[in-house]
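Here's the structure we're looking at; comments come further down.
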Amino acid sequence: MIIQDITLRNFRNYREMTLLPHEGVNLFFGANGSGKTNLLEAIHYCALGKSHRITGDQSAVRMGEQFGVCEITVMTGGVRRKITIRLVPNDLNKKTILIDGKRIQRFSDMMGCLQCVIFSPEDLGLIKEGPSLRRRYLDMMISQVNRGYFIALQQYRSGLEQRNALLRNLRVNGGTGKNLLPDFEQAMAGPAAAIVAGRSKIVELLSDLGAETYRNISGLDREEFRVSYHSSLREAENPEEAFLAQMAESREDDIRTGVTSVGPHRDDLNLSLNKKNMKVFASQGQIRTAALSLKLAQMKVLRQVGGETPVLLLDDVMSELDKNRRRRLVSEISDYQTFITCTDESDLELDGDYRVYRVSAEDGTADIEETNAGESIPLAEPAEPDFS
């Protein structure tokens, strides 16, 4: 899977830009706030239909403009695909996604067209924060290679929202409606079982690959990194029946609290180093190495399961790694098309084929120039996005 070109128009602080990236490593350096991360965000939009750092789309459009566009041409499985995202800042529901010029109706239709994995400073929360970030990590990984999982996830979330709404109403108002709870639970049972099965399968792969990647980056055989999946349904012979039994058992407590207390939305990943909980015992260096290992292991899992090599996005990773870990990281990413941001070109010593770009911003507008021994090389002329 290779990105052949990226076109941005009125996206964040880019007015108009077309980039023809290298098939290997692409390094973007420049001052903080110049627009480096915005480029990675545009790639993420074209892969998953949303930003990796904001929940809404309005702020992704350049201030004062009526719309913003990010468009990517990707070669995958020998087929060239064009993905276009069109955003309108003043309309919460006005996001148009086109695949090969045709508007899609469901997010599931774009899953897998462009697979990417992003690591940013916020991803340290995978180790340090609560289980919701780890569930999101799993869900985004699996959804890119399993459309059925993505659909099951949507169905489960829809049922969960409806059940919680009814629980809140029963808590406040009491009265009728309690007899509707089993219907919601029955609709959630099949998707819940599919989610647990999908997560269990992926985590089995992730555990071994994560441990191997951690050793490769750290260079320390004495540190054993492990990933395991915690779910109340994982060991059940019949997950659907087990789910319905847990729902029935917790029903009265759920009415009192107004929230669903059991199910896949409560699952977690257990992360340990030498059999100790990383959240409690790990150093900052170990936490960073573990989070990065999870992302690189994700790349390997996606390639193994989906048969395609995803695109890797590394946002401001190098400054916090020592020289040896940087060198080992470069060795780990040698097989991937990679987009790396940093504040200083010297943060990364690259071997083999790569390109280096300087990102700057004048009067709030980002500009990218390819550099070669200090010389500027013109980028491609901006292409006109096709919205037909």
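Quick notes on this structure:
- Meets criteria (aromatic (Phe, Trp, Tyr), within 16 Å of Tyr357 (Cα to Cα) and modelled with pLDDT of 85 or more) for Tyr45: no
- Qualifying residue in region 114-124 (condition: of a type in the set (Val, Ile, Thr) and touching a Ser or Thr at 6+ places or on another chain (Cβ under 9 Å)): no
- Gly210 falls short on exactly one of the conditions (1) within 29 Å of Thr257 (Cβ to Cβ); (2) part of a helix (DSSP H, G or I); (3) not β-branched (Val, Ile, Thr), and that condition is (1).
- Annotation: Leu205 fulfils all but one of (1) farther than 24 Å from Arg136 by Cα; (2) touching a Lys or Arg at 6+ places or on another chain (Cβ under 9 Å); the unmet one is (1).
Here is a yes/no grid of residues against (1) within 26 Å of Leu273 (Cβ to Cβ); (2) modelled with pLDDT of 85 or more; (3) surrounded by 19 or more Cβ atoms within 10 Å (Cβ to Cβ); (4) not basic (Lys, Arg):
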residue	(1), (2), (3), (4)
Gln284	yes, yes, no, yes
Leu312	yes, yes, yes, yes
Thr341	no, yes, yes, yes
Gly364	no, no, no, yes
Asn372	no, no, no, yes
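- Matching residues, region 170-207, being surrounded by 14 or more Cβ atoms within 10 Å (Cβ to Cβ) and either outside any helix (DSSP H, G or I) or of a type in the set (S, T, N, Q) (or both): Gln186, Ser200, Ser207
Yes or no, residue by residue, for (1) touching a residue at least 60 places away in the same chain (Cβ under 8 Å); (2) within 25 Å of Glu204 (Cβ to Cβ):
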| residue | (1), (2) |
| --- | --- |
| Glu235 | no, yes |
| Glu240 | no, yes |
| Asp253 | no, no |
| Gly258 | yes, no |
| Gly263 | yes, yes |
| Ile287 | yes, yes |
| Leu294 | yes, yes |
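- Condition met for Asn146 (in contact (Cβ under 8 Å) with a residue 40 or more places away in the chain and under 20 Å from Cys46 (Cβ atoms)): yes
- Comparison of Leu167, Leu244 shows that the only residue that is over 30 Å from Arg327 (Cβ atoms), buried (at least 18 other Cβ atoms within 10 Å of the Cβ), more than 23 Å from the chain's Cα centre (by Cα) and touching a residue at least 24 places away in the same chain (Cβ under 8 Å) is Leu167.
- When residues in region 13-51 are screened for being farther than 22 Å from Gln144 by Cβ, of a type in the set (D, E, K, R) and surrounded by 21 or more Cβ atoms within 10 Å (Cβ to Cβ), 1 of them pass.
- Summed over region 1-39, the residues that are touching a Ser or Thr at 6+ places or on another chain (Cβ under 7 Å), among the aliphatic types (A, V, I, L, M) and either more than 17 Å from Ile72 (Cα to Cα) or free of Cβ contacts under 8 Å to residues at least 40 places away in the same chain (or both) give a count of 2.
- Conditions (1) closer than 30 Å to Gln186 by Cβ; (2) not in a loop (DSSP other than H, G, I, E, B); number of the one not met by Val259: (2)
The values are calculated or read from the model by the stated rules, or taken from the named source; none is laboratory data. Computed from a predicted structure; not experimentally measured. Using ideal geometry, Cβ is built from the backbone for each residue, glycine included, and neighbour counts are taken over all protein chains shown.
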